[in-house]
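For reference, the structure is listed below as structure tokens.
The values are calculated or read from the model by the stated rules, or taken from the named source; none is laboratory data. Just so you know, these numbers come straight off a predicted model, no measurement behind them. No Cβ is skipped: glycine too gets one built from the backbone with ideal geometry, and neighbour counts run over all protein chains shown. Just so you know, the surface numbers come from the protein's heavy atoms only, side chains and all, with ligands and any DNA or RNA stripped out. Shrake-Rupley method; radii C 1.70, N 1.55, O 1.52, S 1.80 Å.
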Amino acid sequence: MPYVVTEPCINCKYTNCAAVCPVDAFREGPNFLAIDPNECIDCDACVTECPVEAIYPDDEVPSEWESYIALNERLAEAWADHVINETKDSLPSADEWASKTGKLGDLKEEW
Ligand code: SF4
Ligand code: F3S
């Protein structure tokens, strides 16, 4: 039951989550983080750290964001060299993007 980062993270990337993960399961993309399902130990620590409530256990992901389960797995592999385990500055327009919906088309996969 790995945890999954969902749409609210896109174009926010507050990164508070990555600093608390005991197994360094977070991988960084240009405007989104993904959790590597092969690393996550389901400790639940990251969930309350995210100011936009982007993180869910995979069996509690809201139905409209179920595609993010496979997306985290795929992006964690693509971004395997981009381990993030500390907090960085959020993206410059994070607070504006925090309340937006329908952001999947804005996801950047390539560094
Ligand atoms: Fe890391 Fe725990 Fe979050 Fe999994 S649930 S990504 S182990 S902090
Ligand atoms: Fe994203 Fe929330 Fe972490 S916005 S980077 S999942 S703290």
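Screening region 1-39 for residues that are in a loop (DSSP other than H, G, I, E, B) and among the aromatic types (Phe, Trp, Tyr) and picking the one that is most open to solvent (accessible area, probe 1.4 Å) gives Tyr14.
Kindly establish whether Leu75 is out of contact with any strand residue (DSSP E or B) (no Cβ under 6 Å at 6 or more places or on another chain) and open to solvent by less than 40 Å² (accessible area, probe 1.4 Å). Before you say what the answer is, go through the steps one by one.
Numbers: out of contact with any strand residue (DSSP E or B) (no Cβ under 6 Å at 6 or more places or on another chain): no; open to solvent by less than 40 Å² (accessible area, probe 1.4 Å): yes.
Taking the combined requirement at face value, the residue does not satisfy it.
Checking the conditions here, which among Cys40, Cys9, Cys17 is more than 7 Å from ligand 1 (Cβ to nearest atom) and over 14 Å from Arg74 (Cα atoms)? One residue alone meets the criteria, Cys9.
The residue that is surrounded by the most Cβ atoms within 10 Å (Cβ to Cβ), counting only those in region 40-55 that are assigned to a loop (DSSP other than H, G, I, E, B) and not hydrophobic (A, V, I, L, M, F, W, C), is Pro51.
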